[in-house]
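Peer 1: My structure is below; once you've seen it, I'll send some questions.
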Amino acid sequence: MHTNISPGFLESEMEESTGREPLFQVIPVPLEETVSYGGGTGRGPAAILAASQQLERWDGFSEPLAAGIGTSPAIDCSGEIGVIYSRIEEAVQAVVDRQAIPIVLGGEHSVSLAPIRVLARTSAGPIGIIQIDAHADLRDSFEGSPYSHACVMRRALEECGCALLQFGVRALCREEVDYRRDKRVAHLDGRAIHGMNLATFSLPVTFPENIYLTIDVDGLDPSVIGATGTPVPGGPGWYDTLTFIERVVAGRNVLGFDLVELAPRPGDHGSDFAAAQLVYSVMGIITRNLGAVREMPFPGLTVETNSNNL
Ligand SMILES: [Mn+2]
């Protein structure tokens, strides 16, 4: 049953079907169940899809949509969390089966466990998770639920045996600090990133080749995306985040990614648009890493040297 009344991602710019299967498949998951502070994440996917209509095809380097972007009907998020996970896993599995890249739009961060389960199960080797987040999400249980958004990375580590690198974390509880130390979870926290030249960052050579990227929008500084349930000051900015993603993706295989926790609020189109742009920019980074599209950087600030105009 088709229940998705939102437009497809960047549908306004998609041309007639080329007969080729799209490389990217967007799966909207409007889950809002365990959010602890401000609500509204259930409206995140629709807001991102709406904002994506305003994106330019050109992302600054290439036209990622040339690789094809499909959008699935929104996942039914009614019922028990286990049933919801099954529905998400089924949708993700269908994308993986045709060797495309699933992109899950949350919804609260709990949704990430479903694509991680599928990819950990189907990947040839271990997968490494790159988590951009203000929070560690490593609690064993939160407000009575082991499937709370505050526990999602703990579940991914324990259920799926993934490696993990956290980026931008700056709000932790003692339990999480201890767990990170005991499990030797790699992390570049908000304070460490400040003033760091991320262009020289490289993942440890031992980090898995197959990676999954999970972007909690509260990972970025609230001045970039403020529309989220639990904003925390001191996060990485726009270009720091993109540079970091370029560096971790380089030479690796991105199996899928998600963007979660956007909680749209009246009058703040900027947050919705930044979230849509971030999704599209990550598509661009992936396609260029694959060599799937022609790369042609902006000329930058080069001054035109036509002497007739001087
Ligand atoms: Mn999170």
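Computed from the coordinates by the stated procedures, all read-outs in this text should not be read as laboratory data. Here the structure is a predicted model, which is why all the values come from computation and not from measurement. Counting neighbours? That spans all protein chains shown, and the Cβs are built from the backbone with ideal geometry, glycine included.
Peer 1: Before rounding to the nearest 500, sum -39500 (n - 2.57) across all DSSP H runs of length at least 4 in the chain and divide by the residue total; then give [θ] at 222 nm in deg cm²/dmol.
Peer 2: Numbers: 8 runs with 93 residues, N = 310.
Taken over the chain, the calculation gives -9000 deg cm²/dmol.
Peer 1: Further question on the same structure: Whose amide H sits under 5 Å from the amide H of residue 134, counting only residues 5 or more places off or on another chain, with H placed in the peptide plane?
Peer 2: When sequence neighbours closer than 5 places are left aside, the close amide H contacts are 218, 219.
Peer 1: When the Cα centres of the range 99-126 and the range 137-208 are compared, how far apart do they sit, in Å?
Peer 2: After rounding, the separation between the Cα centres reads 17 Å.
Peer 1: I would also like to ask the following. What percent does the relative contact order of the chain come to when contacts are Cα pairs within less than 8 Å and at least six residues apart? Spell out each step's value before the answer.
Peer 2: Numbers: 626 pairs, mean separation 71.0, N = 310.
The normalised contact order for the chain reaches 23 percent.
Peer 1: Just order 113-124, 217-228, 196-207 by mean Cβ neighbour count inside 10 Å, highest at the front, would you? Each step should come with its number before you reach the end.
Peer 2: Working: 113-124: 20.2, 217-228: 23.8, 196-207: 12.0.
Ranked from most to least packed, the peptides come out as 217-228, 113-124, 196-207.
Peer 1: Still on this model: Through the Karplus equation 6.51 cos²θ - 1.76 cosθ + 1.60, θ set to phi - 60°, convert the phi angles of the range 137-142 into ³J(HN,Hα) values in whole Hz; use x for Gly and Pro.
Peer 2: My calculation for the range 137-142 gives 6, 10, 5, 6, 7, 9 Hz in order.
Peer 1: In 10 Å bins starting at zero, report the fraction of Cα pairs in the chain per bin as a rounded %.
Peer 2: Answer for the chain: a P(r) of 6, 29, 38, 21, 5, 2, 1, 0 percent.
Peer 1: Could you pull out every residue, at least 5 positions away or on a different chain, whose amide H is within less than 5 Å of the one on residue 211? Hs are placed 1.01 Å off N in the peptide plane, and Pro or chain starts have none.
Peer 2: Under 5 Å from the amide H of residue 211 lie the amide H atoms of 128, 253, 254, 255, each far enough along the sequence or on another chain.
Peer 1: If you count the DSSP beta bridges with both ends in the chain, what percent of them are antiparallel, to the nearest 5? Before the final figure, lay out the partial values.
Peer 2: Values: 2 of 36 bridges.
Bridges in the chain are about 5 percent antiparallel.
Peer 1: Scanning the chain for helices, which whole DSSP H stretches are 20 Å or more long along the axis (Cα) and average 0.0 or more by Kyte-Doolittle? Could the numbers behind the result be given before it?
Peer 2: Numbers: long enough: 81-97 (24 Å, 0.76); 269-290 (32 Å, 0.57).
Helix filter hits for the chain: 81-97, 269-290.
Peer 1: Next question, about the same structure. If you wrap the range 82-212's Cα atoms in a convex hull and average its projection over all directions, what's the area in nm²? Display every interim value, and only then the final one.
Peer 2: Working: hull surface 34.9 nm².
Computed as one quarter of the Cα hull surface, the answer is 8.7 nm².
Peer 1: Still on this structure: Residues with amide H under 5 Å of residue 57's amide H, sequence separation 5 or more or different chain, H placed in the peptide plane at 1.01 Å from N; which?
Peer 2: Placed amide hydrogens put nothing under 5 Å from residue 57.
Peer 1: While we're here: Spin-label point model (7 Å from Cα, Cβ direction): what's the residue 12 to residue 196 distance in nm?
Peer 2: Here the answer is 3.7 nm between the modelled labels.
Peer 1: Compute the length gained on full extension between residue 98 and residue 238: take 0.36 nm times their separation in residues and subtract their Cα-Cα distance, giving the result in nm to one decimal. Before the final figure, lay out the partial values.
Peer 2: On the way: separation 140, 0.36 × 140 = 50.40 nm, distance 3.24 nm.
My answer for the length gained is 47.2 nm.
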